[in-house]
1. So which of Pro49, Pro54 ends up being touching a Gly at 6+ places or on another chain (Cβ under 6 Å) and within 15 Å of Ala143 (Cβ to Cβ)?
2. Which numbered condition trips up Arg142, out of (1) at pLDDT below 80; (2) assigned to a loop (DSSP other than H, G, I, E, B)?
3. Does any residue in region 38-53 that is surrounded by 15 or more Cβ atoms within 10 Å (Cβ to Cβ) come within less than 7 Å, Cβ to Cβ, of a residue that is charged (D, E, K, R) six or more places away or on a different chain, and which pairs are these?
4. Pick out the one residue from Lys39, Lys79 that is modelled with pLDDT under 80 and either closer than 24 Å to Glu136 by Cα or more than 18 Å from the chain's Cα centre (by Cα) (or both).
5. Go through region 54-74 and count every residue that is assigned to a helix (DSSP H, G or I) and either at pLDDT below 75 or open to solvent by less than 40 Å² (accessible area, probe 1.4 Å) (or both).
6. What is the one condition in (1) open to solvent by 80 Å² or more (accessible area, probe 1.4 Å); (2) at pLDDT 85 or above that Val134 does not satisfy?
7. Just checking, how many residues over region 2-37 are without any contact (Cβ under 8 Å) to a residue 60 or more places away in the chain, under 12 Å from Phe130 (Cβ atoms) and surrounded by 15 or more Cβ atoms within 10 Å (Cβ to Cβ)?
8. Given (1) in a helix (DSSP H, G or I); (2) open to solvent by less than 100 Å² (accessible area, probe 1.4 Å), identify the lone condition not met by Gly106.
Amino acid sequence: PPPRPSALILRDYREAEIRHGRLAMLSVIIWPLQEKLDKLLLDDDQFGPLVYGPVTLPYFPLFMTLIMMLLGYLDIYAKAIQEKEEIGDAFLPGDCFWDPLRVLEGAPPSMKRNMQEREILNGRFAMIAFAAFVFEETLSHRALIDIPSNELLFVPAYQVSFIQQWLDQQFMFYN
């Protein structure tokens, strides 16, 4: 077969980046939630960093598995539509031909491209965050939510002491 044009190869790379970004965005949300739930419901001696495989409750891992299966089904569904409608190579990367909320219905191509760029940037940020989660837990041997420098990420802002002080100063009423 003749070699594929570089534009199609780049489109396939972008498709893979979007898929991995979507999974990373979900993982970055589910990881701390899993650790919070484990800390809340398990004994202290059972709770630990997810990197080292402690006892964990199955709810979020099962949920993540279900989502990955659904995303796989959407990919199969999108491929079937591409073949059925003979779209061939003229499709946008990451387009699953499924928009239940009709977010992009009737949107101009520039808006679709803008939303796609945002999704890619958020996916890249999530992939970096996921790598940082693994790095932090591996080096510190502590759960992500128990690392002191992560206090700002997993505690409501009004409960952080220096933010409380700043808010008190800003909203102090004088008689």
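1. None of the others qualify; the one that does is Pro54.
2. (1)
3. Listed pairs, sorted by first residue: Phe47/Asp38; Phe47/Lys39; Pro49/Glu137; Pro49/Arg142; Leu50/Glu35; Leu50/Glu137; Val51/Glu137.
4. Just a single option satisfies the conditions, and that option is Lys79.
5. Of the residues in that region, 4 qualify.
6. Unmet for Val134, out of (1) open to solvent by 80 Å² or more (accessible area, probe 1.4 Å); (2) at pLDDT 85 or above: (1).
7. Residues in region 2-37 being without any contact (Cβ under 8 Å) to a residue 60 or more places away in the chain, under 12 Å from Phe130 (Cβ atoms) and surrounded by 15 or more Cβ atoms within 10 Å (Cβ to Cβ): 3 in total.
8. Condition (1) is where Gly106 drops out.
The values are calculated or read from the model by the stated rules, or taken from the named source; none is laboratory data. Computed from a prediction, not measured in an experiment: that's the story for all the values here. Reconstructed Cβ throughout: ideal geometry from the backbone, glycine too, with neighbour counts over all protein chains shown. Surface areas here come from the heavy atoms of the whole protein model, side chains and all, with no ligands, DNA or RNA. Shrake-Rupley method; radii C 1.70, N 1.55, O 1.52, S 1.80 Å.
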